[in-house]
1. Only one of A302, A229 is within 23 Å of L205 (Cα to Cα) and touching a residue at least 60 places away in the same chain (Cβ under 8 Å). Can you tell me which?
2. Before we move on, is H40 at pLDDT 95 or above and assigned to a helix (DSSP H, G or I)?
3. If you check L270 against the conditions, is it of a type in the set (A, V, I, L, M) and over 19 Å from G65 (Cβ atoms)?
4. Can you pull out every residue in region 182-235 that is within 18 Å of Y71 (Cβ to Cβ) and of a type in the set (D, E)?
5. Only residues that are over 22 Å from F184 (Cα atoms) and charged (D, E, K, R): list them for region 128-157, please.
6. Filter region 112-130 for residues that are of a type in the set (A, V, I, L, M, F, W, C) and under 15 Å from M257 (Cβ atoms) and give the result.
7. I'm checking my understanding of the structure. Among residues of region 269-286 that are in a helix (DSSP H, G or I) and of a type outside the set (G, A, S), which one is nearest to the chain's Cα centre (by Cα)?
8. Please work out which one of (1) buried (at least 20 other Cβ atoms within 10 Å of the Cβ); (2) without any contact (Cβ under 8 Å) to a residue 60 or more places away in the chain is the condition F262 fails and give its number.
Amino acid sequence: MSTPVTLAALASCGLFVAGVLGGTAFASQGDVFDRVTHGHAVSEGGVRIHYASLGQGPLVVMIHGFPDFWYSWRHQMAALSQRFQVIAIDQRGYNLSDKPRGVEQYDMALLVADVAAVVRHLGRDRATIVGHDWGGIVAWNVAMRLPQMVDNLVILNLPHPNGLARELRSNPEQIKNSEYARTFQRLPPTDPAVFFGRPMTPETLSGWVRDPAARQRYVDAFKQSDFEAMLNYYKRNYPRDAGPDAPPAPELPRVTMPVLMFHGLDDQALHADGLSGTWKWLDKDLTLVTVPGAGHFVQQDAADLVTTTMQWWLTMRAGR
């Protein structure tokens with residue numbers, strides 16, 4: 001069954017105040033953009049995956065979604081780096097990672113291999129894996145395909161694949177919300193209306209970022225990203241059929257490690273109904289945090305709640 005988490009519950013654990021104060025003090029040292037160290041791991045086929053690193057301790061690997069880059073995790077990195085080594089990657093096709101050509105180069109098996117390559121490059125056998133959006137589906141797959149490598153799993157605004165497949169068959173709202181994915185599968189990145197009726201440019205892709213200073217970093221990152229690669233994630237991996245005639249989801253391995261999930265309830269792409277029944281596909285405990293008023297990018301829309309909850313949950317896990 002799921003376990004709801006509230007701010008009051010965190011405060012009663014004695015960790016909430018310490019987490020907030022510690023995070024605030026740490027943030028005063030400056031933007032993580034200027035404090036991280038950078039590196040590259042070599043994945044299958046020689047593809048180089050860029051990562052930003054901050055802190056020392058047990059390994060936490062964070063995987064962004066679309067359209068995004070490693071800096072999406074800046075709030076969480078600043079706080080978690082007090083106790084953990086936090087690694088935020090650029091997925092292939094984005095920012096400082098390689099951008100191999102061809103739809104087949106964005107197959108889920110290769111995206112999983114990229115994460116494994118980063119963990120091994122850092123000399124580790126295991127890590128906590130954190131993912132949002134496309135990073136979320138990659139994280140689910142890392143947990144199912146390489147369970148020996150995953151200590152804990154943290155997912156943000158991406159239902160379990162079984163939940164999403166169910167909603168794409170039976171939920172008219174989710175089917176409608178997923179029409180943008182059909183557009184991405186059908187059109188090239190040069191089409192002037194491909195991105196929700198607009199062209200794909202660094203500026204349009206960055207339009208969701210609220211903070212002006214952060215938005216400029218996004219524009220810079222997208223100037224050195226590959227728009228075709230971004231769409232290849234959808235063309236290679238996103239279900240092409242929806243509605244009652246869509247094929248059922250394939251049988252998937254059960255997830256064998258503890259799971260923490262966040263979901264911004266104002267998400268316009270992924271319906272919260274997809275969360276229902278998640279516990280049926282897990283062997284360990286599930287902590288589910290739903291966030292009214294937060295949208296798809298919950299790690300930024302509700303940065304304090306996400307960060308302090310993640311601190312509490314991972315600290316609790318590390319102490320066991």
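The values are calculated or read from the model by the stated rules, or taken from the named source; none is laboratory data. It should be emphasised that the depicted structure is a prediction, and the values quoted were computed from it without experimental measurement. Using ideal geometry, Cβ is built from the backbone for each residue, glycine included, and neighbour counts are taken over all protein chains shown.
1. Details: A302 fails: touching a residue at least 60 places away in the same chain (Cβ under 8 Å).
Just one listed residue meets the conditions, A229.
2. For H40, the condition - at pLDDT 95 or above and assigned to a helix (DSSP H, G or I) - is not met.
3. no
4. Listed by number, the residues that qualify are E203, D211, D220, D226.
5. The answer is R145, D151.
6. Result: V115, V119, A127, I129, V130.
7. The extreme case among them is L275.
8. F262 satisfies all of (1) buried (at least 20 other Cβ atoms within 10 Å of the Cβ); (2) without any contact (Cβ under 8 Å) to a residue 60 or more places away in the chain except (2).
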